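*Asks:* Take this structure first; my questions come after.
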Amino acid sequence: MRRSYMAGNWKMNYTRSEALSLVKELLENGSFKNKVLVAPPFTLLETVSNAVKGTELILGAQNMSTAESGAHTGEISPLMLKDLGVQAVILGHSERRSIYGETNEIVNTKIHLALKHSLEVIFCVGETLEEREAGAAEKIVRDQVLKGLKDISEKQMESITIAYEPVWAIGTGKTASPEDADDIHSVIRKEIEELYSKETADQLIIQYGGSVKPSNVKELMGKANIDGALVGGAALKAETFIPIMEYNK
Ligand code: PEP
């Protein structure tokens, strides 16, 4: 039985005091039967790290450099994340891919580097609307999985969660139907079985992301291959994130 995993991606939102009040509300009013992560922007990591110390709330970052140190103006290295108590990092988010030109190869480099520094990874994949309408969703996602996981060992897969996020459903209010999402999740699981083994495929946590809200979490999580959610907008308020993070499959 896979343990459900709910992650909140705060994107570029909040100041330190706003972040602190959200985290306090999650800790005081939420429960942690599921694995739960929040990923604040870099500037809030230290504040949130201090607030979650000794709790079950996992601290994640939204991105990370391809390098450990050096001449990379504006970048943040895995060593810096570790120093702040960060436990996991979201890599390959569609906003990183589409706005900042991250390729599958860049994402693969980042995954290797994160794992080298013992950071867990939430590895995002997903097709655009044009790709879906052209009937290429499965092919695109399979390709992203294959290239993103190049030279990742079966043992390293224990530290990887895959998040399927159809780009057209992120921040748009449109959600993939639970059936469509589950179909792609099963394509991903099958590919992991082909690349590694049935055991690794069975253990893999696959989150769905794209306008997850308290009102649709039940039908999404009702699907066999959906093991959790990567949540943007609804993760910004305790009243919408708590019912999602506590959802009992
Ligand atoms: C996301 O940022 O990964 C996301 C899924 O956002 P939203 O829930 O707002 O669609």
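The values are calculated or read from the model by the stated rules, or taken from the named source; none is laboratory data. Quantities reported herein were computed from a predicted structural model and do not represent experimental measurements. When we count neighbours, we look across all protein chains shown, and the Cβ atoms used for this are built from the backbone with ideal geometry, even at glycine. What goes into the accessible areas is simple: the full protein's heavy atoms, side chains included, and nothing from ligands, DNA or RNA. Shrake-Rupley method; radii C 1.70, N 1.55, O 1.52, S 1.80 Å.
*Asks:* Which of the residues belonging to segment 155-178 are within 15 Å of the ligand (Cβ to nearest atom) and basic (Lys, Arg)?
*Replies:* 174
*Asks:* So, in segment 154-166, how many residues would count as being within 18 Å of residue 91 (Cα to Cα) and open to solvent by 50 Å² or more (accessible area, probe 1.4 Å)? Please lay out each step first, then the result.
*Replies:* First pass over segment 154-166, keeping only residues within 18 Å of residue 91 (Cα to Cα): 156-166.
Checking which are open to solvent by 50 Å² or more (accessible area, probe 1.4 Å) leaves us with 156, 158.
Total meeting the criteria: 2.
*Asks:* Now for a different question. Considering only residues that are open to solvent by 30 Å² or more (accessible area, probe 1.4 Å) and under 12 Å from residue 87 (Cα atoms), which ones fall in segment 42-56?
*Replies:* Those that are open to solvent by 30 Å² or more (accessible area, probe 1.4 Å) and under 12 Å from residue 87 (Cα atoms): 53, 56.
*Asks:* Continuing with this model, one more query. Output the residue which, of all residues in segment 208-236 that are open to solvent by 10 Å² or more (accessible area, probe 1.4 Å) and either part of a strand (DSSP E or B) or among the hydroxyl-bearing types (Ser, Thr, Tyr) (or both), is nearest to the ligand (Cβ to nearest atom).
*Replies:* 211
*Asks:* Still on this model: For segment 15-41, which residues satisfy the criterion of being surrounded by fewer than 16 Cβ atoms within 10 Å (Cβ to Cβ) and over 14 Å from residue 246 (Cα atoms)?
*Replies:* Across segment 15-41, the qualifying residues are 15, 16, 17, 18, 21, 24.
*Asks:* List every residue pair whose Cβ atoms lie under 7 Å apart, where the two residues are 6 or more positions apart in sequence or sit on different chains, the first residue falls within segment 101-119 and is surrounded by fewer than 20 Cβ atoms within 10 Å (Cβ to Cβ), and the second residue, located anywhere, is modelled with pLDDT under 95.
*Replies:* Taking only residues 6 or more apart or on different chains, not a single pair turns up.
*Asks:* Please list, ordered by first then second residue, the pairs with beta carbon atoms under 8 Å, 6 or more apart or interchain, first in segment 132-152 and in contact (Cβ under 8 Å) with a residue 24 or more places away in the chain, second open to solvent by less than 80 Å² (accessible area, probe 1.4 Å) and assigned to a loop (DSSP other than H, G, I, E, B).
*Replies:* What qualifies is 132/166; 137/127; 137/166; 141/126; 141/127; 144/92; 144/126; 148/92.
*Asks:* Still on this structure: Does residue 127 qualify as being in a loop (DSSP other than H, G, I, E, B), open to solvent by less than 60 Å² (accessible area, probe 1.4 Å), modelled with pLDDT of 95 or more and over 24 Å from residue 69 (Cβ atoms)? Lay out the reasoning, then the answer.
*Replies:* Values: in a loop (DSSP other than H, G, I, E, B): yes; open to solvent by less than 60 Å² (accessible area, probe 1.4 Å): yes; modelled with pLDDT of 95 or more: yes; over 24 Å from residue 69 (Cβ atoms): yes.
Answer is yes for this residue.
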